[in-house]
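Derivation of every value follows stated rules applied to the coordinates shown; laboratory data play no part. Since this is a predicted model, take the numbers as computed values, not measurements. Here Cβ is always computed from backbone atoms with ideal geometry, including for glycine, and neighbour counts include all displayed protein chains.
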Amino acid sequence: QVQLVESGGGLVQAGDSLRLSCAASGRYPMGWFRQAPGKDREFVTSINWSSSNTYYADSVKGRFTISRNNAKNTVYLQMNTLKPDDTAVYFCAARLGIDGVYSGVYEYHYWGQGTQVAVSS
């Protein structure tokens, strides 16, 4: 059983930064997703096992950075220049199987409990 624990969410003002962390119980291709109230869960970014490949949604490209520390089995999401539209519960996800970057909700097998990010204008 893969366990994922997110941390680092909070309430910030527009233009501020936050860093989310996701501690995993192993080493997997990982992704970050978010879900705003009344909306579907949407892809944010993903990273492969070796960090050689990353992929971003257009809405966060240039503002968010995904990284990982495999020695700690931890994936990070650095979020800069936050906007009110970034307000959501953020989830990390792990995929079993072939290494790579994946953007589909159904491509991931395990999910964290989520951490709330709220950005005020």
* Which value, in debye to the nearest 20, gives the size of the charge dipole of segment 1-46 about its Cα centre, when Lys and Arg are +1 and Asp and Glu are -1 at the Cβ? -> 100
* Structure fact -> Here the gain from full extension of Ser7 to Glu107, 0.36 nm per residue of separation minus their alpha-carbon distance, amounts to 33.7 nm
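Within the chain, which is the longest segment containing none of the trypsin sites (Lys or Arg not before Pro) that sit in a DSSP loop and have at most 15 other Cβ atoms within 10 Å? Show your work: numbers first, answer last.
Working: sites that count: Arg27, Lys39, Lys61, Arg63, Lys72.
My reading of the result: 73-121 is the longest stretch.
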* Structure fact -> About its Cα centre, the chain carries a charge dipole, from +1 on Lys and Arg Cβ atoms and -1 on Asp and Glu Cβ atoms, whose size in debye to the nearest 20 is 220
* **Under Karplus coefficients 6.51, -1.76 and 1.60, residue-wise ³J(HN,Hα) of segment 14-21 in Hz, glycine/proline x** => 4, x, 6, 10, 9, 10, 9, 10
